[in-house]
Every structure is written in structure tokens, then in C-alpha cells.
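The values are calculated or read from the model by the stated rules, or taken from the named source; none is laboratory data. Worth saying up front: this structure is predicted, and the values here are computed from it rather than measured. Virtual Cβ from ideal backbone geometry, glycine too; neighbours counted across all protein chains shown.
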Amino acid sequence: MPRQLVVVPSADPLVVMAALRAALTADGPAVLPHPGTPAGVPEEVKKRVAVVIETSGSTGSPKRVALSADAMLANVAATDSSLGGAGQWLLALPTNYVAGTNVLVRSIVAGTEPVLLPDGHFDATVFAELSDRMDAELRFVSLVPTQLSRLVDAAEQDMQVLERVRRFDRILVGGQAAASSLLTRALELGLNVSTTYGSSETAGGCVYDGVPTGSVRVRITDGQVELGGAVLAEGYLGDPARTDAAFYTSAGERWYRTGDGGELRGGVLRITGRLDSVIISGGVKVSLDEVEQVVRGLPGLADAVVVRVPSQEWGEVPVVIAAGASATEAELGPLRNAVSGALSRAAAPAAVFVMEQIPLTPTGKPDRVALEAFAAGQALQH
């Protein structure tokens with residue numbers, strides 16, 4: 001029996017939360033949180049589908065991930081187990097983003113009221129002040145690396161901000177890789193930070209600090225990270241070809257092909273980067289994600305993005321795109337030396353391009369499609 005699907009305006013978290021509450025108990029229609037009016041939304045979905053998350057499309061066309069109530073609640077149970085129990089959350093992410101939706105679902109299960117950060121530019125001082133409204137025994141927040149960076153910057157300068165942020169029992173950081181230098185700074189300040197790995201296809205983060213949560217399973221197949229467990233999505237709405245390419249069953253167990261490269265050491269997962277972000281430069285494989293990690297550890301480049309551009313001589317080369325006043329001071333020579341020393345000469349960026357502002361997807365990730373187009377245009381001018 002099918003189930004009605006309704007689009008809920010993601011700008012109002014409390015409206016989304018009420019719709020989720022009904023959807024998770026099967027008393028209401030399935031929910032698609034969205035900041036606008038999405039096209040081509042079906043009127044009905046399968047009965048098992050409770051939530052639909054539209055992915056960012058940061059590296060291609062967006063997908064609509066269909067999640068069951070069981071998958072969402074399994075993720076919540078695994079999270080609570082990893083964090084030492086249910087608690088109160090500060091919502092700092094859009095609710096059309098799976099991490100934002102998860103904050104609302106966790107709040108529903110915990111019976112707590114989330115504290116809501118206003119839309120717009122992330123202000124660390126406002127964030128710290130809002131944290132005073134949290135009165136539960138356990139307090140949590142999910143952030144993306146850019147938000148954590150601004151929070152760390154403020155905490156290093158303002159003792160009141162630092163004291164308030166230290167009260168969080170855990171600060172989850174995900175959505176994209178965080179620079180090791182940023183994590184080191186956060187930990188040195190005494191912040192309880194954990195990195196998370198997962199996606200909309202796994203109902204959100206399901207690997208914390210490299211360790212799978214709950215009953216989540218991780219394996220590496222031909223260099224690709226695969227995830228299994230009750231957190232897996234039903235598939236992609238109206239896209240059976242993509243569903244079959246990403247999800248499969250082996251020996252009675254269902255698995256999701258993440259598209260990420262990685263390795264397991266002592267049961268701890270380390271992500272090496274997107275498999276589709278590896279380029280061949282002068283006959284040498286170069287991971288743009290690894291280059292980006294090194295670049296973001298350099299002064300003034302914490303939010304820099306590394307993309308590919310065509311090269312007549314080398315095939316493809318990495319280039320750095322940065323924003324802000326400090327980025328204009330980044331010199332190519334020292335940057336190339338840093339990357340060459342950490343990785344290889346082939347990985348050294350060919351150029352640094354500066355934008356006024358890095359374009360982002362609605363979920364706060366760098367819009368890599370737009371950035372590659374910008375870089376290609378800049379490369380032609382040089």
C-alpha cells in the first residue's frame with residue numbers, strides 16, 4: 001500500500017519536526033524537507049518510506065534518498081549508544097540536510113526540545129549564547145568543518161565562548177573532511193569533538209572517529225568503502241538504475257557502495273578520498289582529497305577547495321581555489337613545496353585562484369561543479 005509524500009518547508013524546523021514525528025510513527029505522510037519547491041515529486045511512495053532527503057549534488061545531479069523509519073531510528077539508537085545516551089541538541093544545520101533532520105529525529109526520540117540556531121551566516125558568539133538555553137544533562141551538536149573552524153577561532157579569542165562550547169558533551173563534525181590541524185586546535189582547547197562519516201544513504205553519520213556505531217558494518221572491496229546494517233536507505237526515489245548501482249545484497253546481507261576509497265586498520269576506518277576525485281597527472285595517480293587535506297592545514301587556507309583542470313602537458317592537474325583576504329597572500333611556491341613534501345611532486349597544485357566567496361550547495365558543502373567550471377575558466381586566462 002503506498003503512502004502520501006508531502007514537501008515540508010525546511011526553513012521552519014518546528015514544522016519539519018512535527019511532520020517527522022507523524023511520519024516516523026506511520027500516522028502521517030512521508031516527509032521531504034526542502035528549502036523551495038522541488039520539481040517532479042511523486043504524490044506517493046512505498047509504505048516503508050518515511051523520509052526523503054534530496055542530496056546536495058555537490059559533484060553531480062542531486063538524488064532523492066528514500067529512508068524508512070527503521071533506518072532513521074536505527075541511526076538514532078546507534079548514535080545514543082556511542083554518545084553515552086540521549087540528550088538535548090542544538091540545531092545548527094539545515095533540516096533538508098540529513099544531519100539536520102537527524103537532530104530533529106534524535107530530539108523526538110529523546111523527548112527533548114532542540115535549541116535552534118538562526119538561519120544565515122554562522123556566528124560563533126550567537127551559537128555560544130544559545131547554548132545557555134540547553135538544560136538537559138547531556139548536550140550535543142552537529143557541525144560542518146567550516147562552522148567548527150569559526151567556533152575554534154572565536155574560542156581562542158574569547159574565554160566566554162570557550163567555556164560555553166566546552167559544555168557540550170560531544171561536538172560531531174561531518175559532511176566533509178575536516179583538516180587535521182583544525183581538529184588538533186579544537187582538541188587542544190578541550191572541545192569534545194568527534195568526526196563522523198556517513199551519508200544520506202546511511203541515514204546520516206554512522207562511523208564516529210573511524211569506528212562503526214551500533215550494528216553498522218564496514219568493509220573494503222576493491223579499495224572502496226562499503227557499509228551495511230539497519231541504517232541503509234531503501235534506495236533512490238524513482239531511480240532504480242542508481243539504486244541498483246549503489247545498493248546490493250551479498251550472502252543475505254545488504255551493502256551500500258559509498259564511492260569513497262578507504263582502509264581499515266585495527267577496525268578503524270580511514271577515508272582516503274572520493275574514488276572519482278582521483279586524477280592521473282603525468283601518469284601518476286593523485287587524490288584531490290588528499291591534496292585538499294594538506295592545503296587546508298596551511299595558514300589562511302582552512303576553507304580552500306582543490307579541483308582538477310585539464311592540462312595539455314600533464315593530462316589533468318590540481319588547482320587550489322580559496323576565498324578571503326588571507327587567501328590572496330597564499331604563495332604558490334611554498335604551497336607546492338608543502339604538498340610535494342607531504343604527498344608527491346605530481347600532487348603539487350599548478351595554481352591558486354581566489355574567489356570572493358566559495359559557492360556552496362544548500363547543505364553547506366562546496367559546490368564542486370561550479371568550482372571546476374570557475375577553475376577551468378581561470379586556467380584558460382593564464
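Suppose the filter is assigned to a loop (DSSP other than H, G, I, E, B) and loosely packed, with under 15 Cβ neighbours inside 10 Å; does Glu163 pass it? When the stated conditions are applied, Glu163 does not pass them. For the range 10-21, the set of residues classified as modelled with pLDDT under 95 and crowded, with 16+ Cβ neighbours inside 10 Å consists of Ser10 only.
Taking the options Gly214, Gly235, Gly198, name whichever one is crowded, with 21+ Cβ neighbours inside 10 Å and more than 30 Å from Ala302 (Cα to Cα). Unique residue meeting the criteria: Gly235.
Just the residues that are surrounded by fewer than 18 Cβ atoms within 10 Å (Cβ to Cβ), in a loop (DSSP other than H, G, I, E, B) and at pLDDT 85 or above, please, taken from the range 300-313. Working first, answer last.
Going through the range 300-313, the residues surrounded by fewer than 18 Cβ atoms within 10 Å (Cβ to Cβ) turn out to be 300, 310-313.
Checking the rest, the ones that are also in a loop (DSSP other than H, G, I, E, B) come to 300, 312-313.
The one that is surrounded by fewer than 18 Cβ atoms within 10 Å (Cβ to Cβ), in a loop (DSSP other than H, G, I, E, B) and at pLDDT 85 or above: Glu313.
When Ser149 is tested against (1) at pLDDT 95 or above; (2) closer than 24 Å to Asp119 by Cβ; (3) not in a loop (DSSP other than H, G, I, E, B), just one condition goes unmet, and that condition is (1).
Within the option set Leu343, Leu332, being farther than 30 Å from Gly120 by Cα, at pLDDT 85 or above and touching a helix residue (DSSP H, G or I) at 6+ places or on another chain (Cβ under 7 Å) holds for one residue only, Leu343. Taking (1) in contact with a helix residue (DSSP H, G or I) (Cβ under 9 Å, 6 or more places away or on another chain); (2) assigned to a strand (DSSP E or B) in turn, Glu226 satisfies each apart from (1).
Out of the range 186-223, which residues are of a type in the set (D, E, K, R), over 29 Å from Leu24 (Cα atoms) and at pLDDT 95 or above?
Matches in the range 186-223: Glu188, Arg219.
Residues in the range 238-268 that are free of Cβ contacts under 8 Å to residues at least 12 places away in the same chain and at positive phi: Ala251, Gly252, Gly266.
Per this entry, Ala22 is not counted among residues that are small (Gly, Ala, Ser), under 23 Å from Ala246 (Cα atoms) and either in contact with a strand residue (DSSP E or B) (Cβ under 7 Å, 6 or more places away or on another chain) or assigned by TED's automatic domain parsing to the domain that holds Tyr256 (or both). Candidates Val295, Val207: the one that is part of a strand (DSSP E or B) and either surrounded by 21 or more Cβ atoms within 10 Å (Cβ to Cβ) or not assigned by TED's automatic domain parsing to the domain that holds Ala30 (or both) is Val207. Residues in the range 47-56 include none that are assigned by TED's automatic domain parsing to the domain that holds Leu104 and without any contact (Cβ under 8 Å) to a residue 24 or more places away in the chain. Pick from Val141, Val109, Val103: which is hydrophobic (A, V, I, L, M, F, W, C), within 17 Å of Arg166 (Cα to Cα) and free of Cβ contacts under 8 Å to residues at least 60 places away in the same chain? Just a single option satisfies the conditions, and that option is Val141.
Rundown of residues vs (1) β-branched (Val, Ile, Thr); (2) under 30 Å from His34 (Cα atoms); (3) assigned by TED's automatic domain parsing to the domain that holds Gln293; (4) modelled with pLDDT of 85 or more, yes/no style:
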{"position": "Ala325", "(1), (2), (3), (4)": "no, no, yes, no"}
{"position": "Val354", "(1), (2), (3), (4)": "yes, no, yes, yes"}
{"position": "Leu360", "(1), (2), (3), (4)": "no, yes, yes, no"}
{"position": "Gly364", "(1), (2), (3), (4)": "no, yes, yes, no"}
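Taking the range 239-291 as the search range and keeping residues that are of a type in the set (Ser, Thr, Tyr) and in a helix (DSSP H, G or I), which one is surrounded by the fewest Cβ atoms within 10 Å (Cβ to Cβ)? Residue satisfying both the conditions and the ranking: Thr243. Taken residue by residue, the range 31-48 has no member that is assigned to a helix (DSSP H, G or I) and either under 16 Å from Val98 (Cα atoms) or at pLDDT below 90 (or both).
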